[in-house]
Amino acid sequence: MNDLPAPRGFHEAIAAAFPDAGAWPASGDGGDAIGQVSQIGGGQGEVTLDVGRLDRLRADPDPGLAMAGQVGGQVKVRVGSTWLIATIRSLRLVPGSASSIVAAVDFLGEGEEERLTGRLFGFRRGVTRYPAPGADVFALRAGDVTEIYAASGRAAIEIGHVHPTQDVRAALYVDAMLGKHFALLGSTGTGKSTAAALILHRICALAPQGHIVMIDPHGEYGAAFGEAGALFDVSNLQMPYWLMNFEEHCEVFVTATGASRQVDADILAKCLLAAKAKSRAGQEIAKLTVDAPIPYMLSDLTQLIQLEMGKMDRAGDTAPYLRLKNKIDEVRADPRYGFMFSGMLAGDAMAGFVQRIFRLPGEGKPISIIDVSGVPNEITAVVVAVLSRMVFDFAIWSRGEAQRPILLVCEEAHRYVPADAQARGSVARILGRIAKEGRKYGVALGLVTQRPSDLAEGVLSQCGTIIAMRLNNDRDQAFVRAAMPEGARGFLDALPALRNREAIVCGEGVSIPIRVAFDTLDEGQRPASDDPVFSELWRHGGGEEQMIARTLQRWRAQGR
């Protein structure tokens, strides 16, 4: 904390008073002091650590003591009958002394001190009393670390162990993490997909009657949840087109730009409302709106557009009507769109669709994996928008019923909620609304992305828990720094240096920011996201002609 200058001559006095490690005072139950508080300012401060004392602790079998004094590590300070816990943000030498180090620290929380043993217990976030300059600073023992990260009776899932220990388990508080959304960030190849699968597997094990919907853009997670989840792709999704609201209809059917787009949208709104009114379900609703999920026939819609085009009192040309009609006919005839625009989906199958996708009931498979890798790129965003909006609308309209919270997880989230406002569509708007209002209605949002800087900042800021794996890009690192709370800043410099399957976790889902090494998943629970081993695969050949023939067959049939 360089913005808080020390009193003149302070560092020199410290160096003179403590020329070697033995000069630092000891405090029986708390262990030997490794330094003293030198400065306090708000939730931050500076402590002066003794280099000799730290060096002697390096060989201690207790991993907490052995790692004392490192960036991202914790220290404790006694304040009355409590232990105050702080995280080291940065280190620098005391000017003119090689035996003392100044550490900038962030104060995180406090716990009670057991009188007989000096043990820390009852840790809680937040600080009620700050130490005075000159207070002794101690290293955390393994027992202290265990107490700080203990779940304390709260519903939690264990995801790995706390760095640098091998036996202190790292836990995420499920209710806090889901209630205020979470984001999993990490560059390609860091183990991000496996970490996402691990977290979801642990949630499924904790809550086998849960309701989780995951948007899988690359078809990776089907392999990970074959036993624990229900898998949906273009072959069995069967998502009726009439579930789209008017904005989503426009994204699919309206192709015009500029002023012409509004003209086409007005025609579509009039004819769409009339087509819905013709159906039996539409006739039962007194005040029908164009956004209501009412079944209608696409043939009825095109006929109504044709009739409007042929009216004698119509002013203007026929181009808008022809554009709409041709686009609808094109979509109906394209077999790639059959999972959504098939004539077989014109019936009222909404209840069955909601039951299948939202796992109501779950039947022991609480997660739905929606594989959109086979969906035509032109409507992928619309499909995700419909699914996301249905999650939110179901939560709103089911108020008064027994609450069924739903977790919506979006892999490659930056594709759907981009930072560029001009590139946002209906899916960005609904995900943004879920981020802001979802917790009020029991909708949790999980965002998984490799490019947090390409994600809308307002959405990421709504995530109460951030799980950040290695980020190689400076822009991504800066973006995450802005999103992380103050207490986690000491960990941020470690982001580029994290190993695969390691992460910094901060926010509501943990007691204090932690560096965690994820558990290893069983082979059958991992997503199909492993990189090809070029050195091995390029050593073997054979069967290329048959492989090409099969590939071309699937290519031409578009996977059918």
Scanning region 267-306 for residues that are over 38 Å from the mean Cα position of the chain (by Cα) and charged (D, E, K, R), the one surrounded by the most Cβ atoms within 10 Å (Cβ to Cβ) turns out to be Asp300
Worksheet entry | Meets criteria (part of a loop (DSSP other than H, G, I, E, B), of a type in the set (S, T, N, Q) and either touching a residue at least 24 places away in the same chain (Cβ under 8 Å) or open to solvent by less than 50 Å² (accessible area, probe 1.4 Å) (or both)) for Thr194 | no
Of Asp144, Asp167, Asp216, the only residue that is crowded, with 23+ Cβ neighbours inside 10 Å and more than 17 Å from the chain's Cα centre (by Cα) is Asp144
With the first residue restricted to region 344-372 and required to be more than 27 Å from Ala292 (Cβ to Cβ) and at pLDDT 90 or above, and the second required to be of a type in the set (Ser, Thr, Tyr) and crowded, with 21+ Cβ neighbours inside 10 Å, Cβ contacts under 8 Å at 6 or more apart or on different chains are Ile369/Tyr221; Asp371/Tyr221
Subset of region 333-372, residues closer than 27 Å to Phe253 by Cα, open to solvent by 10 Å² or more (accessible area, probe 1.4 Å), touching a helix residue (DSSP H, G or I) at 6+ places or on another chain (Cβ under 9 Å) and assigned to a loop (DSSP other than H, G, I, E, B), comes to Asp334, Ser342, Ala346, Asp348
When region 118-142 is checked residue by residue, the ones that are over 12 Å from Ile85 (Cα atoms), of a type in the set (Gly, Ala, Ser) and in contact (Cβ under 8 Å) with a residue 40 or more places away in the chain are Gly118, Ala132, Gly134, Ala135, Ala142
Region 446-560: helices (runs of 4 or more DSSP H) wholly inside it with 1 or more residues that are under 18 Å from the mean Cα position of the chain (by Cα) and either at pLDDT 85 or above or β-branched (Val, Ile, Thr) (or both) are 457-460, 474-483
Note on region 93-107: residues modelled with pLDDT of 85 or more and more than 18 Å from Pro133 (Cβ to Cβ) are Leu93, Ser99
Of (1) free of Cβ contacts under 8 Å to residues at least 12 places away in the same chain; (2) more than 23 Å from Thr194 (Cα to Cα); (3) not hydroxyl-bearing (Ser, Thr, Tyr), Arg475 satisfies every one except (1)
Matching residues in region 115-152 (part of a loop (DSSP other than H, G, I, E, B) and either polar (S, T, N, Q) or within 20 Å of Pro61 (Cα to Cα) (or both)) number 7
Of the residues in region 242-260, those that are under 29 Å from the mean Cα position of the chain (by Cα) and open to solvent by less than 40 Å² (accessible area, probe 1.4 Å) come to Leu243, Met244, Asn245, Glu248, His249, Val252
Among Gly31, Gly41, Gly52, the single one that is within 25 Å of Thr128 (Cα to Cα) and modelled with pLDDT of 80 or more is Gly41
Going through region 386-416 in order, the residues found to be open to solvent by less than 10 Å² (accessible area, probe 1.4 Å) and touching a Lys or Arg at 6+ places or on another chain (Cβ under 7 Å) are Phe392
With the first residue restricted to region 445-471 and required to be closer than 14 Å to Asp420 by Cβ, and the second required to be open to solvent by less than 10 Å² (accessible area, probe 1.4 Å) and assigned to a strand (DSSP E or B), Cβ contacts under 8 Å at 6 or more apart or on different chains are Leu455/Leu447; Leu455/Thr449; Val459/Leu447
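The values are calculated or read from the model by the stated rules, or taken from the named source; none is laboratory data. What you are looking at is a predicted structure, and each value in this text was computed from that prediction instead of being measured. Note: ideal-geometry Cβ built from the backbone for every residue, glycine included; neighbour counts use all protein chains shown. To get the accessible areas, we keep the full protein, side chains included, count just its heavy atoms, and leave off ligands, DNA and RNA. Shrake-Rupley method; radii C 1.70, N 1.55, O 1.52, S 1.80 Å.
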